[in-house]
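The values are calculated or read from the model by the stated rules, or taken from the named source; none is laboratory data. Everything numeric in this text was worked out from a predicted model, so none of it was measured. Cβ coordinates were reconstructed from backbone atoms using ideal geometry, including for glycine residues, and neighbour counts include every protein chain displayed. Please note that ligands, DNA and RNA were not included when accessible areas were found on the heavy atoms of the full protein model with its side chains. Shrake-Rupley method; radii C 1.70, N 1.55, O 1.52, S 1.80 Å.
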Amino acid sequence: MSILEISELVVARGAGIVLQGLTVEVANNEIAAILGPNGAGKTTLLETIVGLHRPQSGHVVFDGDDITGAKPHQIAARGIRLVPEGRRLFSGLTVGENLRIGAEGAGLKEWRWVLEIFPQLQKLLGSRGGTLSGGEQQMVAIGRALVAKPRLMILDEPSWGLAPLLVDDVLTAVENIRQLGTTIVLVEQNVEAALKIAGQAHILADGKIQRSLGHDEAIARPEFLREAYLGAPIAPA
Ligand SMILES: Nc1ncnc2c1ncn2[C@@H]1O[C@H](COP(=O)(O)OP(=O)(O)O)[C@@H](O)[C@H]1O
Ligand SMILES: [Mg+2]
């Protein structure tokens, strides 16, 4: 069953139309990877889901309810969290404080359980966000969303700028979060790494989803990767 249904979404930014009638469905408790070239509109799509852009037309339906045009706090209250591009921690606050704020934002008190997903953060609880490495910051950013116990977690290029070993660590954590029962929408430039954990992979180019493939087919077809990176013209399947 689809928990997220996006249909015919049209979104403009500045003078240009970025999403031109985009349609995609995400099944409950799957990881849906959104792949595509720079500037394709991946971030715009994620920000529209969480209410940061108002679509010109089309619909976003979450768990059967039309949330198109709802305010960001209303969408957050439904259990949707975005981990934005570039992480954006509270750099003056400690790791523990960042995590506590994430839980409190959802009216929850407990946050220490997140250390089971990110045990590396245990020894950093008293460190300020601004002093952490890129990989550590990303774990805190994901952890801060996770402690809100979201039903849908949306991640915008979580492996951006990370060393190759850390890319796999972060994406393994994403799969572990899915196993806790969370549905995931994942934008990634590291296509091979994303395909390892994605149940479905969708190519976004020219303002629309050009192709959607299940896990096995996506891995078996190298030309799919090329399309994802380059946004090349798509031949009929
Ligand atoms: N702040 C902005 N103001 C106006 N246009 C923007 C802005 N940010 C992005 N855009 C436009 O939206 C397009 C899609 O951007 P974005 O969603 O960030 O793509 P992606 O995440 O796939 O790289 C860009 O090509 C650019 O033309
Ligand atoms: Mg982006």
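Please determine, by comparing only the residues of region 187-204 that are within 16 Å of ligand 1 (Cβ to nearest atom), under 16 Å from LEU165 (Cα atoms) and of a type in the set (A, V, I, L, M), which one is nearest to the chain's Cα centre (by Cα).
It comes out as ALA194.
Only residues that are of a type in the set (Gly, Ala, Ser) and either under 16 Å from the mean Cα position of the chain (by Cα) or more than 22 Å from GLN137 (Cα to Cα) (or both): list them for region 74-96, please. Give the derivation first.
Taking region 74-96 first, the residues of a type in the set (Gly, Ala, Ser) are 76-77, 79, 86, 91-92, 96.
Result: ALA76, ALA77, GLY79, GLY86.
Return only the number of the condition from (1) within 16 Å of ligand 1 (Cβ to nearest atom); (2) at positive phi; (3) out of contact with any Asp or Glu (no Cβ under 8 Å at 6 or more places or on another chain); (4) open to solvent by less than 30 Å² (accessible area, probe 1.4 Å) that GLY79 does not satisfy.
Against the list (1) within 16 Å of ligand 1 (Cβ to nearest atom); (2) at positive phi; (3) out of contact with any Asp or Glu (no Cβ under 8 Å at 6 or more places or on another chain); (4) open to solvent by less than 30 Å² (accessible area, probe 1.4 Å), GLY79 comes up short only on (1).
Tell me which strands (runs of 3 or more DSSP E) are completely within region 5-66 and hold 2 or more residues being of a type outside the set (Gly, Ala, Ser) and farther than 21 Å from ALA194 by Cβ, or say none if there are none.
Correct list: 16-27, 57-62.
Of all residues being open to solvent by 10 Å² or more (accessible area, probe 1.4 Å) and within 12 Å of ligand 2 (Cβ to nearest atom) in region 18-37, which is nearest to the chain's Cα centre (by Cα)? Just the residue, please.
PRO37
Within the group LEU46, LEU9, LEU82, LEU4, which residue is within 15 Å of ligand 2 (Cβ to nearest atom) and closer than 18 Å to HIS202 by Cα? Give the derivation first.
Numbers: LEU9 fails: within 15 Å of ligand 2 (Cβ to nearest atom); LEU82 fails: closer than 18 Å to HIS202 by Cα; LEU4 fails: within 15 Å of ligand 2 (Cβ to nearest atom).
Exactly one residue qualifies, and that residue is LEU46.
Could you pull out the residue among ILE184, ILE154 that is among the β-branched types (Val, Ile, Thr) and away from ligand 1 (no atom under 16 Å from the Cβ)?
The match here is ILE184.
Out of LEU213, LEU186, LEU162, LEU152, report the one residue that is within 26 Å of ARG112 (Cβ to Cβ) and touching a Phe, Trp or Tyr at 6+ places or on another chain (Cβ under 8 Å).
None of the other options fit; the residue is LEU152.
Just one of (1) within 16 Å of ligand 2 (Cβ to nearest atom); (2) over 25 Å from ALA205 (Cβ atoms); (3) buried (at least 17 other Cβ atoms within 10 Å of the Cβ) trips up ARG88, so point out which.
(3)
Yes/no per residue for (1) within 15 Å of ligand 2 (Cβ to nearest atom); (2) open to solvent by less than 40 Å² (accessible area, probe 1.4 Å); (3) among the aliphatic types (A, V, I, L, M):
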position: VAL140; (1), (2), (3): no, yes, yes
position: ILE154; (1), (2), (3): yes, yes, yes
position: ASN176; (1), (2), (3): no, no, no
position: VAL191; (1), (2), (3): yes, yes, yes
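With the condition kept exactly as written, say whether any residue in region 112-132 is away from ligand 2 (no atom under 16 Å from the Cβ), hydroxyl-bearing (Ser, Thr, Tyr) and either surrounded by 19 or more Cβ atoms within 10 Å (Cβ to Cβ) or not in a strand (DSSP E or B) (or both).
yes
Is it the case that region 38-59 has a residue that's more than 16 Å from ligand 1 (Cβ to nearest atom), open to solvent by less than 20 Å² (accessible area, probe 1.4 Å) and either in contact (Cβ under 8 Å) with a residue 60 or more places away in the chain or not aromatic (Phe, Trp, Tyr) (or both)? Lay out the reasoning, then the answer.
Kept after step one, since they are more than 16 Å from ligand 1 (Cβ to nearest atom), are these residues of region 38-59: 57, 59.
Going one step further and asking which of them are open to solvent by less than 20 Å² (accessible area, probe 1.4 Å), we end up with none.
Within region 38-59 (the criterion being more than 16 Å from ligand 1 (Cβ to nearest atom), open to solvent by less than 20 Å² (accessible area, probe 1.4 Å) and either in contact (Cβ under 8 Å) with a residue 60 or more places away in the chain or not aromatic (Phe, Trp, Tyr) (or both)), the answer is no, since none of the residues qualifies.
Given the conditions (1) open to solvent by less than 10 Å² (accessible area, probe 1.4 Å); (2) in contact (Cβ under 8 Å) with a residue 60 or more places away in the chain, report the number of the one that SER159 does not fulfil.
Failed condition: (2).
Among the residues of region 73-96, are any farther than 15 Å from ALA145 by Cβ, touching a helix residue (DSSP H, G or I) at 6+ places or on another chain (Cβ under 9 Å) and part of a helix (DSSP H, G or I)?
Within region 73-96 (the criterion being farther than 15 Å from ALA145 by Cβ, touching a helix residue (DSSP H, G or I) at 6+ places or on another chain (Cβ under 9 Å) and part of a helix (DSSP H, G or I)), the answer is yes, since at least one residue qualifies.
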